Amino acid sequence: MKNFLKLAQGVNTMPLLQQLYRNPQLWKADTYLRDYPQGPFSDVETIFVRFPPSSVSELERSQKDQHECVWMDGYIHLPAVRPLVFGLMALTEGERIGRVMLNKIRPGGRIYPHADTPVHAEYWERHHYVLQSAPGCVFRCGEETVQMATGELWWFENAKEHEVVNNSADDRIHLIIDIRCSSTAVQGELPTKPA
């Protein structure tokens, strides 16, 4: 089974990139992932668009749906995210939207090897819109590596160990969207996922 699947290319990323360039303060607004102890994201800046509410206590979280996410400030300041999210929902026959975030890896930076937790990876399908990338930025999942190009949309198997190394001269910026797809509930796979 393949670890990556390109779903689209030629996506117009410019409206969202322009909004990001006009709102650079959003990259510094929340350092939750970067500061997470022993986490793989110390070189990454993140803008949360949709994420589990941090104000929920552990007790409340244990009594609620652990996959529930809420819209964050990024949704308000970056309206160009909306057509990408809801277009992907239509493409994948999505039933539910999970985490939506923007990640930026500086030149020479990386996301260190890790695998997403089974409870998360088994429930959600992980998708990446490539907003900005350059040759030398390598994404590895399992034994497979790809160099994703600007304007592409990818699915990947986030249950397996994966990492990103940005050996390019530019920031690598991706919009990451988790979707519960209609076939996920029935068959455990994306309709277009290769066998």
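Please treat every number below as a calculation from the coordinates, not as lab data. Bear in mind the structure is a predicted one, so any value in this text is a computation, not a measurement. Virtual Cβ from ideal backbone geometry, glycine too; neighbours counted across all protein chains shown.
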Debye intensity ratio I(q)/I(0), log10, the range 4-187, q values 0.10 Å⁻¹ (C-alpha model): -0.37
Relative contact order (percent, whole number), the chain, Cα cutoff 8 Å, 6+ residue spacing: 28 percent
Separation of the Ala149 and Val119 label points, Cα + 7 Å toward Cβ, nm: 4.1 nm
Rough spin-label spacing in nm, given labels placed 7 Å along Cα→Cβ, for Glu95 and Gln25: 4.1 nm
